[in-house]
Amino acid sequence: MSTIIFSRDLTPADDGMHTWTMNATQNGVTVSAVFMATIVSGTVQVVPVSITLSPNSGSFPDNTAAGTLVTTPSIIMSDGSVFAGTFAATDETGAAAPVTFQP
């Protein structure tokens, strides 16, 4: 798969909105696409952007043992890195749910 990468380091002079037209030409035929880029000042924070649970519901007997798998979270980070933050689970009253996160 082809990719497009920065050809130089960005600087504060690059800050702002940019419209980049990408052209590919072969055998005299050119196709184009537009990419909208926003260059922001400083360091962009890496943050979680979504969480999915698989499964997203379950039924457990009231004598289920500690250590029983409840669900598997998939936490997607803004830069694709591995989630390294904190995790909390609460019940419908806002109290801590009886589960723990294991990375």
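Each reported figure results from applying straightforward, stated rules to the coordinates on display, with no laboratory input. Predicted model only: the values in this text are computed from it and were never measured. Using ideal geometry, Cβ is built from the backbone for each residue, glycine included, and neighbour counts are taken over all protein chains shown.
Here are labelled values, (i) 54; (ii) 36; (iii) 17, and one is the computed percent of Cα pairs over 24 Å apart for what I pasted. Which one?
Recomputing percent of Cα pairs over 24 Å apart here picks out (i).
Placing +1 at every Lys and Arg Cβ and -1 at every Asp and Glu Cβ, with all other atoms neutral, what dipole size does the chain have around its Cα centre, in debye to the nearest 20? Working shown, then result.
On the way: 1 positive and 7 negative charges, 60 e Å.
Approximately 280 debye in magnitude.
Taking the simple approach of a point 7 Å from Cα along Cα-to-Cβ for both residue 78 and residue 101, what is their distance in nm?
1.7
Could you give each residue of the range 57-74 its phi-based ³J(HN,Hα) in whole Hz, using Karplus coefficients 6.51, -1.76, 1.60 with θ = phi - 60°, and x for Gly or Pro?
Coupling constants for the range 57-74: 7, x, 10, 10, x, 6, 10, 5, 6, 4, x, 5, 5, 9, 6, 10, x, 10 Hz.
With only alpha-carbon atoms counted, please give the Rg and Dmax of the range 57-103, in Å.
Using the Cα atoms of the range 57-103, the pair Rg, Dmax is 13.1, 41 Å.
On full extension of the chain, what length is gained from residue 18 through residue 91, given 0.36 nm per residue of separation minus the C-alpha to C-alpha distance? Let's see the in-between values first.
Numbers: separation 73, 0.36 × 73 = 26.28 nm, distance 4.47 nm.
Stretched fully, the residue 18-residue 91 segment lengthens by 21.8 nm.
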